[in-house]
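For reference, the structure is listed below as structure tokens.
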Amino acid sequence: MLKKGFNSLLTTWLTGLLVLLPLTLTLILSAWLFGLINSLVGPATPIGRMFAALGQPFAHSPSLSYLLGTLILLAAIYAVGLAVQLGLRRPLRRVTDLTLRRIPVFNKLYTLAERFVALLDKREGVGIEAMSPVWCFFGGQGAAVLALLPNPEPVEIDGRAYFAVLVPTAPIPVGGGLLYVPCDWVKPANMGIEAFTSIYVSMGITPPAVAPVKEAAVPEQAPLRE
């Protein structure tokens, strides 16, 4: 009788735990993201001090200066977005090409970041269509790695056809590694870019869809380059 009562209490407690677990994990992930953002742009960081410098003419308190500087930056970003919507995208891109893209090393990093950001921008149709989520089965049937296929055209390496795939890092998929994988190891992931990004950002907490989603498959292999 005592054992049944204990099992009943344990079952009820586990039920409550399972109900609260998603909320708990969400709070933990949110706190981790907040800590990451604070370590990158918080008041004690060089970028945070730059924010504070923007607001310093309007406030003497360091905390208030940081807050006002952040608000000024947010307003500036809104102004840039408004300018793009009004048709100034090409002039802004021209300015970028004349400045940032001419700095050695930095231009490569900027181009890489721009490509990943384009994946999240539905208006950049070319960027979305150019990269397809794929599964890479190493060894042909080994570990499955969720990656991006930037170019459906294979290349020949030592007499074998390979695809170039990008394996992002989690939880911020703006970096990673470029791998050349045999074509027969690569299969379509049957998911959209939004689902792909959410999997990486959640560090795997958001699982891939079990049922296949009707998406554009990996294009057929093009003839190998000679």
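Nearest 0.05, what FRET efficiency do SER198 and HIS60 give at R0 = 35 Å with Cβ-Cβ as r? According to the calculation, E is roughly 0.25. Across region 71-86, rounded Karplus estimates of 3J(HN,Hα) from the backbone phi angles (6.51 cos²θ - 1.76 cosθ + 1.60, θ = phi - 60°) give 5, 5, 5, 4, 5, 5, 5, 4, 5, 5, x, 5, 5, 5, 5, 7 Hz, Gly and Pro being marked x.
How would you rank 192-200, 54-62, 19-27, highest first, on the average number of other Cβ atoms within 10 Å across their residues? Could the numbers behind the result be given before it?
Numbers: 192-200: 17.6, 54-62: 14.0, 19-27: 10.4.
Highest mean packing first, the order is 192-200, 54-62, 19-27.
Just to be sure I understand: if I project the alpha-carbon convex hull of region 161-205 onto a plane and average over all orientations, what area do I get in nm²? Let's see the in-between values first.
Numbers: hull surface 13.4 nm².
Spelled out: convex hull of the Cα atoms, projected over all directions, averaged, 3.4 nm².
For region 145-186, there are no residues whose amide N sits under 19 Å from a probe point set 7 Å from the Cα of ASP97 along the beta carbon direction.
Every number in this text was worked out from the coordinates using simple rules, so none of it is lab data. None of the values given here were measured: they were computed from a predicted structure. No Cβ is skipped: glycine too gets one built from the backbone with ideal geometry, and neighbour counts run over all protein chains shown.
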